[in-house]
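Report on the following structure.
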Amino acid sequence: MAKLEGKNIFLTADGRTYHLGVKKGDLASLIVTVGCEQRARFLASKYLTDVTEVASSRQFYTFTGKYIKGGHRMSIVCIGMGAPMADFFIREASFVLEGEPMAVIRIGSCGIVDFDTAPGTLMLSDESMYCYRNYCHFDGEAALGKKTGECDSRPYLLTAPVKADQHLTDLIEANLKKIGAAVKRGLNCSAETFFACQGRELPLWNDQNADLMKDVTSLGVVSLEMETHQIFHLMHQRQHGVPNGPQSHAASLMIGLVNRNNPSFTSHVSSEDQEKATLAAGEAAFDALVSLVSEGILKPAA
């Protein structure tokens, strides 16, 4: 059974957050987050020592240990897919860190929107916008008493972009260039869903998304996935309106698996190449987090 902490945070009997499954002391201030448990375990096995693992009943996995370069305490958190899972992660991680400084780098996979970028390229996000289905368009607006089909607003809505932490992003890019990794930096779009909100047209479905990829492309988007915007948005809002509020740093780095706009890129990214890209992304991310500490920008919680 869970109990309330204050008004809104649920904790288990042993003090763990209800979804993420961590308690105070389980989580480092320096965090890499991924969507895939296998990727989390792989990165932990390659880059962390003295690892402790926490698995929650809600399919979150947290690995915390010492980075092999210098021994800084780091966590790798597997969150699954989509904005709701990112919301559980950021809010409950912030709770157990008790308002301390927090840096988060997402490592994941994405579709490539930029016409000239080849699959296998590491896609680094300067900023991220959100694409979500306008349910009022399909279902009507309850507040106005409208019936299904009467609302004539756009079927999909796109937010203004939210910026990544530019210095952290610069550090990641510099680290990738040192090891000769192919990287494309630019605007990301996070989609609410994998199918309709990413312009995938399926028979039988009234998704009205035939022009969605064209719209996203026209805005200069280079990568398309499902989590980056929520992480950036929440890390900005974490310190909103709080004088000298908690330091919050966020960046996002993804392996581009397929080019959605250029059919001439027909080859798939092999498992071996994905593994190499994951290692490059992991090293670049962990080294960037260390730099935040060594430069005095972030002081991790004890």
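The values are calculated or read from the model by the stated rules, or taken from the named source; none is laboratory data. Keep in mind that what you see is a predicted model, and the values were worked out from it rather than measured. Cβ atoms come from the backbone with ideal geometry, glycine included; neighbour counts cover every protein chain shown.
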Checklist outcome for this item: Here the qualifying pairs (Cβ atoms under 7 Å; residues six or more apart or on different chains; first in region 258-272 and among the aromatic types (F, W, Y) and at pLDDT 95 or above; second surrounded by 12 or more Cβ atoms within 10 Å (Cβ to Cβ) and in a loop (DSSP other than H, G, I, E, B)) come out as F265/A118; F265/P119
Item to check | Sole exception among (1) farther than 30 Å from I31 by Cα; (2) touching a residue at least 40 places away in the same chain (Cβ under 8 Å); (3) surrounded by fewer than 23 Cβ atoms within 10 Å (Cβ to Cβ) for G199, by number | outcome: (3)
Checklist entry - In region 125-139, what residues are among the hydrophobic types (A, V, I, L, M, F, W, C) and either at pLDDT 95 or above or touching a helix residue (DSSP H, G or I) at 6+ places or on another chain (Cβ under 6 Å) (or both)? => result M129, C131
Checklist outcome for this item: Condition set out of contact with any Ser or Thr (no Cβ under 8 Å at 6 or more places or on another chain) and loosely packed, with under 15 Cβ neighbours inside 10 Å, scope region 6-30, selection nearest to S294 (Cα to Cα): answer is G25
Checklist entry - Among the strands (runs of 3 or more DSSP E) confined wholly to region 31-114, which include 2 or more residues that are under 26 Å from Q237 (Cβ atoms), modelled with pLDDT of 95 or more and under 13 Å from the mean Cα position of the chain (by Cα)? => result 73-78, 102-112
Item to check | Unmet requirement for H249, which otherwise passes all of (1) at pLDDT 95 or above; (2) farther than 20 Å from R73 by Cβ; (3) not small (G, A, S) | outcome: (2)
